[in-house]
Amino acid sequence: MDDSRNVFGDPLLPCSTEPMTGFFRDGCCNTGPEDYGSHTVCVQVSEEFLLFSRDRGNDLMRPMPEVGFAGLRPGDNWCLCASRWLEAQRYDMAPRVYLQRTHVKALEIIPLELLRQYAVDLN
């Protein structure tokens, strides 16, 4: 697992345990070499984003009880793939972001200034 630091270089805060999120299902947007999707952006999903993701072939609303996934609802927090977030942003469908809960590795794909425009946790 890569060093658990957020986009500011501070310790990474948990994203969500209800529902349990993260590539490692540890509640944080931690990542490592095996995380090819870079599940590093902590977001608050919106209905618009969930529909966008479904239309792109990743239905995050659909429960999958066989893997303990109840499906997401608007308002849930989730560790999202950085490339999916950037794609959604290009279509004006990007969900809001928790910067203190977003892994520093997200900056390899998304510029910090762009993430700041969607920040939930900045004054």
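The values are calculated or read from the model by the stated rules, or taken from the named source; none is laboratory data. Keep in mind that this is a model prediction, so the values were computed, not measured. In this analysis, Cβ positions are derived from the backbone assuming ideal geometry, glycine residues included, and neighbour counts consider all displayed protein chains. Calculation scope for accessible area: heavy atoms of the full protein, side chains included, ligands and nucleic acids excluded. Shrake-Rupley method; radii C 1.70, N 1.55, O 1.52, S 1.80 Å.
For the range 87-122, how many residues meet the condition of being assigned to a helix (DSSP H, G or I) and more than 23 Å from D35 (Cβ to Cβ)?
2
Just checking, how many residues over the range 49-90 are more than 22 Å from V7 (Cα to Cα) and over 15 Å from the mean Cα position of the chain (by Cα)?
Qualifying residue count for the region: 14.
So which residues in the range 53-84 are hydrophobic (A, V, I, L, M, F, W, C), surrounded by 20 or more Cβ atoms within 10 Å (Cβ to Cβ) and in a helix (DSSP H, G or I)?
A82
Open to solvent by 70 Å² or more (accessible area, probe 1.4 Å) and among the β-branched types (V, I, T): does that describe T40?
no
Looking only at the range 13-27, count every residue that is touching a Ser or Thr at 6+ places or on another chain (Cβ under 7 Å) and open to solvent by 20 Å² or more (accessible area, probe 1.4 Å) and tell me the total.
Adding up the residues that qualify gives 1.
Which of the residues that make up the range 25-49 are in contact (Cβ under 8 Å) with a residue 40 or more places away in the chain, in a loop (DSSP other than H, G, I, E, B) and within 21 Å of V67 (Cα to Cα)?
Correct list: C28, C29, N30, T31, G37, S38, V45.
Which residue, of G57, G75, G9, G22, is without any contact (Cβ under 8 Å) to a residue 24 or more places away in the chain and at positive phi?
Only one candidate passes the filter, namely G57.
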